[in-house]
1. Within the range 16-32, which residues are exposed (fewer than 10 other Cβ atoms within 10 Å of the Cβ) and either in contact (Cβ under 8 Å) with a residue 60 or more places away in the chain or assigned to a loop (DSSP other than H, G, I, E, B) (or both)?
2. Six or more apart or on different chains, Cβ under 7 Å: which pairs go from a residue in the range 33-60 that's in contact (Cβ under 8 Å) with a residue 60 or more places away in the chain and of a type outside the set (Ser, Thr, Tyr) to one that's surrounded by 10 or more Cβ atoms within 10 Å (Cβ to Cβ) and not in a helix (DSSP H, G or I)? Could you list them?
Amino acid sequence: MNGLVQYFKDARAELGRVTWPSREAVIEGTQAVLVFVIALSVVVYLYDLIFGNLVKLVLP
């Protein structure tokens with residue numbers, strides 16, 4: 001039981017040493033991820049549209 005208590009004390013101390021990102025950095029990262037996901041979704045949609053039409057041409 002003593003080891004478990006020491007673990008949580010060490011974990012709490014480690015969280016105090018973490019360099020947390022600023023709010024602006026988090027917002028910029030989130031925006032970058034959203035733009036990437038939207039762009040990738042559009043690309044996948046276009047590939048699906050193209051290959052779907054090709055399959056319809058080959059298999060009447």
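Values quoted throughout were computed directly from the atomic coordinates according to the rules given, and no laboratory measurement underlies them. Being a predicted model, the structure only gives us computed values, none of them experimental. Here the Cβ positions follow ideal geometry from the backbone for every residue, glycine too, while neighbour counts run over all protein chains shown.
1. Correct list: Val18, Thr19, Trp20, Ser22.
2. none
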